[in-house]
Amino acid sequence: MKVRTLKLREAHKSINGNNDINPSFCSVLWDQQALHLVTASSSDPSISIHDPLLPSNPPKILRHHRDGVTALALSPNSTCLASGSIDHSVKLFKFPSGEFETNVTRFTLPIRALAFNKSGSMVAAAGDDEGIKLINTVDGSIARVLKGHKGPVTGLAFDPINEYLATVDSVGTVLFWELQSGGILHTLKGVAPNIISDTSFVNVVSWSPDGETLAVPGLRNDVVMYDRDTAEKLFSLRGDHVQPVCYLSWSPNGKYMATSGLDRQILIWDVDKKQDIDRQKFEDRISGMAWKPIGNALAVIDVMGKYGLWESVVPSSMKSPTEDIPSLKNSNGVLLFDEDPEPSTSGGLSEFGEDSLGESEPCSRKRLRKQSEFEDPDEDIDDELSLLPKTEPRKKVHRSSKDNLDKGNGLRSTVTSARLKMQEAFQPGATPPQRGKRRFLCYNMLGTITTVENDGYSHIEIDFHDTGRGSRLPSMTDYFGFTMASLNENGSVFANPCKGEKNMSTLMYRPFSSWANNSEWSMRFEGEEVKVVALGTAWVAAITSLNFLRIYTDGGLQRHILSLDGPVVTASGLKNQLAVVTHVSDCLPSNDQMLEFRVFDISNGTQPLTGRLPLTPGSHLTWFGFSEEGQLSSYDSKGVLRVFTSQYGGSWLPIFSASKEKSDESYWVVGLNASKLFCIVYKSPDMFPQVIPKPVLSLLNLSFPVASSDLGADALENEFIMNSMHLSQIQKRMEDMAGACLDTTALDDEAFNMEATQDRCILRLIASCCNGDKLVRATELMKLLSLEKSMKGAIKLVAALKLPNLAERFNSILEERLVNESKGTYKSPLLNSNDRASLTADAAISKTMVTSTGKNETPEPRIAFSSPTLSAPLFIKKANKQEHEKSYQNQTVNAKTSMEPSNAEKVKSAENVIGVEVKMTGEVLKVQSQRPSNPFLKSSNNQETSKKDLDQLTSLHPSNPFKRTH
């Protein structure tokens, strides 16, 4: 059998008080979803929480013990981390945040072993003082102290059915405890090695996932299996270990076992066949192992504090270690820190043992009766018995308990599903920390902020994409350890998490220019951690762990402090607007995040927008911000980009999907404008861009995820929907300007050109419908045309295609349009009359206020969620309209086409008609025949964008896509 080698990386230093390198007992464990890896060492007082997907990133460090950490345990639902130490204490932490919760107990000597029961309601702790404490994790009370060992207790294990607790001590004695009575069922003396002289080597015990078998290191360099009820020896695993087994671990399905020995090798066993199937040799002894709960991997850590991940532990030709996991292992967990359970009355162990509901049964249970009980489909093995009253014998109580749970008899607060992971707060445009490498604190459409850690300080640099802004800003030496930042035209803001003895978080703002000296300012928060920062025009915002939104002026005045409804996820600012995303509630059972967004108008002190933030099922938010035109936008981990529009009372439109692009590429969003997504393309296994080499910015076309059309005109249909969205956004901007009593003339040409572009798109769609014999759809499109000459062009088109019935219908639609216009009753299919009336009324009211008071009194902003629509009659000027009609008559004479019976010639003739109409439209409206690259670009009297610049903007890798012309 080939012996492989596995490279390990250092997590802890094995150094004693004299700075001598000594072997130490080190621990490793996974969380339920395999998202975090936790390590500890008996020579290091800190606990490390690693990201297994990004092992090069520095881990999260928990420093609360005063001496080495000798034991770790994670609740079954992965919400609570327990740790034991040489400092005699047992501490509980929230997981994965690492927030310290409480000291649950203290011993007189060092702790050596910890274990949670199946529901997480109880943790067992033991150590050198020989006693075993059973602790209620809900209120921290000690249910019982078990005494029976004659040496330090080094191993603990609750059986998966929560009837027994198995323990082992350093002299090799194994005890079976009955949880109901607290008595000893079986005593196995001297069955495990005597390791009392070596604290880096501990005896352990482990139940098989189905609860049938207890595995114990043997005296012959083997592993011995014992029956759960009779404690009789069943069989042993004996192979190529030449020294005693010092650690063992069952695979999640119980088919395999990993054993490590003092001979510095790991063997992988097929338990049913009782033979080893693979092995690894290491430089140092492996003191801890943990099978990955999802996949085929084994985490290991040696006595020198180095850990690693052994991938593909089980050969691919064999059953996966996570396939066919016994149902007994799937249990509900207790939400340890967010409940209000009923208090225990007696404080006895029976109040905390899940299967201790009935009278004590005889100690010698027979295997046959036990198996028949397990095969009863009505039994519910997931009972939370810590608070249940004593009733009938155990078999009946299982059924009644399940019925009671279904009726919701007060146990809802205790028996709950394992809490799924809520997304943690993040800063848009930031990359995770990487040891020894420069990373992005902020990357947006304006520039970047990067940092690299050195010994005791960090080096921060700010760069702008447009180098024409002026001289480069000087670098900054950071002694605070800033981990988040935001950047705009006026300055930059930085913040760090809580650190130091006083557990303080710092917020600092640095303006780029100021008329006054010493314009930089900072704020300190004690016991309150900044989670996200944002910048706008003359304001700075910070959202903290207390769900406070703190708003400051750019001079440092504490202006507002607001309470948010839930924990913050992210935030972004633009001019006067601040957008904040928070959690609404816990994740759904499908693991979908429940998020809400709010938009604050800082200058007016209002909240114009609020609502739920949609995400692709199973995804999380990865970017959030504003487009260059001020549209609120989001991007999720499934690659869907959405923008907020006032259509349909306020909706999010998916305008880009990574699934429509190359399958092997992922996109790290920087920003967007009306037609392009600015992003950095990366490929697996990369998860984010690196600072060096400088990433190349890519521009991708925005595109709705349209379904495959039966016309084969997906591109035209996408353009049609995109133009409709642009028109609605222009309409909303005009409404806002009119409501603020501002002149909307500047937007007339932009809207008019966009409608001309939409008419050209509709004409092409009508041609596709006619060729595909979709005449009803063509009639619907005819009604959406805005210009009279475009409608006449559509009639000419269908006539060229020899569709007289359709031409007659088109004529009727045109005649009806003209009659309604002459009567003044025409209602555009793209414009809601209520919107138009509201727009006119708002403008009139604003003007009246100015006239009557002599002051420009802007009315209170309001939420405008009416369906946004536009049509040409709202924007076309009379002079232009007369010019259109005159030009159309001249063009019609030149556009006549002979009609031949050949279908190919008919199509060619129709294309000629469309070409003439498009050309005519371009001439009359004085716009380019091609679609403008940026429909949102505001017109300016002294600023024009040349065709050359537009071509540069639309190229895939521009040299500097952010640089603007002046």
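The values are calculated or read from the model by the stated rules, or taken from the named source; none is laboratory data. In this text, all values refer to a predicted model and were calculated from it rather than measured experimentally. A quick note on method: Cβ atoms are made from the backbone with ideal geometry, for glycine too, and the neighbour counts reach across all protein chains shown. What goes into the accessible areas is simple: the full protein's heavy atoms, side chains included, and nothing from ligands, DNA or RNA. Shrake-Rupley method; radii C 1.70, N 1.55, O 1.52, S 1.80 Å.
Odds and ends about this structure:
- ASP565 charged (D, E, K, R), open to solvent by less than 30 Å² (accessible area, probe 1.4 Å) and touching a residue at least 12 places away in the same chain (Cβ under 8 Å): no
- Contacts under 8 angstrom Cβ, first residue in the range 574-587 being on the phi > 0 side of the Ramachandran plot, partner part of a loop (DSSP other than H, G, I, E, B) and open to solvent by 20 Å² or more (accessible area, probe 1.4 Å), 6 or more apart: LYS575/THR537; LYS575/GLY630
- Check on PRO617, open to solvent by 10 Å² or more (accessible area, probe 1.4 Å), in contact with an Asp or Glu (Cβ under 9 Å, 6 or more places away or on another chain), farther than 26 Å from LEU446 by Cβ and not in a strand (DSSP E or B): yes
- Selected residue (only one of ASP31, ASP67, ASP129 is over 22 Å from PHE201 (Cα atoms) and out of contact with any Lys or Arg (no Cβ under 7 Å at 6 or more places or on another chain)): ASP31
- Scope the range 11-24; condition open to solvent by 20 Å² or more (accessible area, probe 1.4 Å) and either among the hydrophobic types (A, V, I, L, M, F, W, C) or at pLDDT 90 or above (or both); matching residues: ALA11, ILE15, ILE21
Here's the yes/no breakdown for (1) of a type in the set (D, E, K, R); (2) modelled with pLDDT of 90 or more; (3) under 29 Å from the mean Cα position of the chain (by Cα):
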{"position": "GLU453", "(1), (2), (3)": "yes, no, yes"}
{"position": "ARG469", "(1), (2), (3)": "yes, no, no"}
{"position": "SER492", "(1), (2), (3)": "no, yes, yes"}
{"position": "ARG510", "(1), (2), (3)": "yes, yes, no"}
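- Taken together, the residues in the range 274-289 that are open to solvent by 10 Å² or more (accessible area, probe 1.4 Å) and assigned to a strand (DSSP E or B) amount to 6.
- The range 788-819 - residue that is surrounded by 13 or more Cβ atoms within 10 Å (Cβ to Cβ) and among the polar types (S, T, N, Q) and, of those, farthest from LEU775 (Cα to Cα): SER790
- Only a single criterion out of (1) under 21 Å from PHE624 (Cβ atoms); (2) open to solvent by 50 Å² or more (accessible area, probe 1.4 Å); (3) not β-branched (Val, Ile, Thr) is not satisfied by PHE426, namely (2).
- Selected residue [under 24 Å from ALA430 (Cβ atoms) and under 21 Å from the mean Cα position of the chain (by Cα)] from SER590, SER659, SER633: SER633
- Output for the range 725-758, where each listed residue is at pLDDT 85 or above and either open to solvent by 30 Å² or more (accessible area, probe 1.4 Å) or outside any helix (DSSP H, G or I) (or both): ASN753
- Being of a type in the set (A, V, I, L, M), under 26 Å from the mean Cα position of the chain (by Cα) and open to solvent by less than 10 Å² (accessible area, probe 1.4 Å) is a property that does not hold for LEU763.
- Selection from the range 561-606 of residues that are part of a strand (DSSP E or B) and among the β-branched types (Val, Ile, Thr): ILE561, VAL568, VAL569, THR570, VAL580, VAL581, THR582, VAL599, THR606
- Looking across the range 687-723, just one residue is open to solvent by less than 30 Å² (accessible area, probe 1.4 Å), small (Gly, Ala, Ser) and out of contact with any helix residue (DSSP H, G or I) (no Cβ under 7 Å at 6 or more places or on another chain), and that is SER698.
- Test for PRO55: is it more than 26 Å from VAL168 (Cα to Cα), at pLDDT below 95 and in contact with a strand residue (DSSP E or B) (Cβ under 8 Å, 6 or more places away or on another chain): yes
- Looking only at residues in the range 135-188 that are out of contact with any Leu (no Cβ under 6 Å at 6 or more places or on another chain), touching a residue at least 60 places away in the same chain (Cβ under 8 Å) and of a type in the set (Asp, Glu), the one that is surrounded by the fewest Cβ atoms within 10 Å (Cβ to Cβ) is ASP139.
- Annotation note: Cβ proximity below 9 Å between a residue of the range 524-543 that is assigned to a loop (DSSP other than H, G, I, E, B) and a residue that is of a type in the set (Lys, Arg) and open to solvent by 10 Å² or more (accessible area, probe 1.4 Å) (sequence gap 6+ or interchain) occurs for GLY527/LYS502; THR537/LYS575.
- Each residue in the range 206-223 was checked for being open to solvent by 10 Å² or more (accessible area, probe 1.4 Å) and closer than 21 Å to HIS149 by Cβ, and 3 of them qualify.
- If you go through the range 225-252 and keep only what is in contact with a helix residue (DSSP H, G or I) (Cβ under 9 Å, 6 or more places away or on another chain) and either open to solvent by 10 Å² or more (accessible area, probe 1.4 Å) or in a strand (DSSP E or B) (or both), you end up with ASP227, THR230, PRO252.
- Subset of the range 35-68 (residues that are touching a Gly at 6+ places or on another chain (Cβ under 7 Å) and buried (at least 17 other Cβ atoms within 10 Å of the Cβ)): SER41, SER42, SER43, ASP44, PRO45, ILE49, LEU62
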